[in-house]
1. Show which lysines lie in cross-link reach of K46 when reach means a straight Cα distance below 17 angstrom and same-chain residues fewer than eight apart are skipped.
2. With everything on Cα atoms, drop me the angle between helix 14-25 and the longest principal axis of the chain, reported from 0 to 90° to the nearest 10.
3. Could you work out [θ]222 nm for the chain from helices alone, using -39500 (n - 2.57) per DSSP H run of at least four and dividing by all its residues? Round to the nearest 500 deg cm²/dmol.
4. What per residue convex hull volume, in Å³, do the alpha-carbon atoms of region 3-162 yield?
5. Amide H neighbours of I132 under 5 Å, at least 5 residues apart or on other chains, H built in the peptide plane: list them.
6. Return the tail of the calculated pair distribution for region 114-271, meaning the percent of Cα-Cα pairs more than 23 Å apart.
7. Compute the distance from the alpha-carbon center of region 186-264 to that of region 48-74, in whole Å.
8. Are there any trypsin sites (Lys or Arg not before Pro) in region 163-244 that are in a DSSP loop and have at most 10 other Cβ atoms within 10 Å? List them by number.
Amino acid sequence: MEGRTAVITGATSGIGAAYALWFAQDGYDLIITGRRRAVIEEFAQKLRKSYGIKVEVVIAELAKPDQVEKLIEKIRHRQVEVLVNNAGFGVNSFYQESDLEIMEQVVEVNVLTPMKLIHALLPGMIRRGRGIIINVSSESAYLSIPKNSVYSGVKAFLLSFTEGLHLDLRNTGVKVQVVCPGFTRTDFHEKMGMKKSKQRNKGLIHWMSPEKVVEISLKDLKKEKVICIPGIHTKLLIFFGKILPKNYYYKFASTFNQKNKSNSRKNQIKQ
Ligand SMILES: NC(=O)c1ccc[n+]([C@@H]2O[C@H](COP(=O)([O-])OP(=O)(O)OC[C@H]3O[C@@H](n4cnc5c(N)ncnc54)[C@H](OP(=O)(O)O)[C@@H]3O)[C@@H](O)[C@H]2O)c1
């Protein structure tokens with residue numbers, strides 16, 4: 001008999017890996033995706049050994065519609081109880097200097113892929129009268145800073161989309177949540193050119209562990225919170241960002257991200 005299954009995208013490292021660990025400890029079988037084959041295979045093997053669960057690894061470039069389609073074909077008819085749309089990447093680049101193709105990939109991975117996966121899995125969840133969908137957004141959904149416009153835009157989409165889904169799915173038994181983490185110690189910022197040694201707490205900037213983000217997300221889910229903003233520092237940053245008059249906010253925000261060079265070519269599709 002098929003056990004409870006959780007699908008987690010982008011589980012090679014960071015927040016996705018922390019969700020995978022959590023659901024593995026809870027006895028779920030897993031279908032996890034990533035691109036760094038050696039890293040994710042080793043992680044999957046550890047989970048199988050430690051928790052006696054089934055773990056399937058799907059290597060997929062989620063900016064490529066044909067690879068997303070293959071993933072959907074694998075999971076569409078499975079009894080998936082949990083879907084975590086976590087895979088995502090950012091590009092540190094002024095929009096006017098950016099590579100449009102890469103910006104399109106940011107939209108594919110953060111917007112179209114979650115939409116497609118949710119659409120494929122919802123009929124089964126609704127038929128069974130239960131399911132959990134978690135979309136990993138960001139504090140950037142609320143706060144724009146330079147060199148981050150497309151990323152902020154896609155994360156704002158995830159926030160608004162999830163709230164809409166919550167309204168559409170009332171009385172179906174399917175729970176949805178959008179998670180808006182602040183600075184989290186994962187591979188994310190290093191991929192954008194920020195060394196791990198530079199990831200230090202300063203003022204309202206407070207780095208969290210991915211495990212803490214996931215712990216708060218799942219505690220909030222139990223309380224049926226649709227929007228999860230992990231950590232008091234992130235909540236405060238978002239609060240001040242919202243109440244500041246816009247011209248003050250733009251002045252404050254424009255001091256961010258001025259030192260690093262644009263890295264629009266760094267996170268291209270891996271063939
Ligand atoms: N770290 C932060 O400060 C922070 C803050 C707010 C929100 N977030 C969000 O949290 C989510 C997880 O990021 P993380 O911080 O845990 O970073 P991470 O350690 O870099 O993990 C990102 C995961 O997404 C996968 N991924 C990225 N681009 C992909 C693509 N084009 N196709 C397929 N898979 C792709 C990566 O796969 P491979 O590594 O195998 O290529 C990896 O498994 C992202 O959606 C990110 O936007 C992060």
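1. K54
2. Taking the Cα atoms of the chain, the angle to 14-25 is about 30 degrees.
3. Values: 10 runs with 119 residues, N = 271.
About -13500 deg cm²/dmol.
4. Values: hull volume 16.9 nm³, N = 160.
About 105 Å³ per residue, rounded to a whole number.
5. Excluding prolines and chain starts, which carry no amide H, the hits are V82, L83, K175.
6. Working: 5518 of 12403 pairs.
Here the long-distance tail beyond 23 Å is 44 percent of all Cα pairs in region 114-271.
7. Using only Cα atoms to place each centre, the spacing works out to 28 Å.
8. Numbers: sites: R170, K175, R185, K191, K195, K196, K198, R200, K202, K212, K219, K222, K223, K225, K235, K242; in loops: R170, R185, K195, R200, K223, K225.
Of the trypsin sites (Lys or Arg not before Pro), the ones in loops of region 163-244 whose Cβ has at most 10 other Cβ atoms within 10 Å are R170, K195, R200, K223.
A short reminder: the numbers here are calculations on the coordinates, not readings from a lab. Just so we're clear, the structure is a prediction, and the values are computed from it rather than from any experiment. Cβ coordinates were reconstructed from backbone atoms using ideal geometry, including for glycine residues, and neighbour counts include every protein chain displayed.
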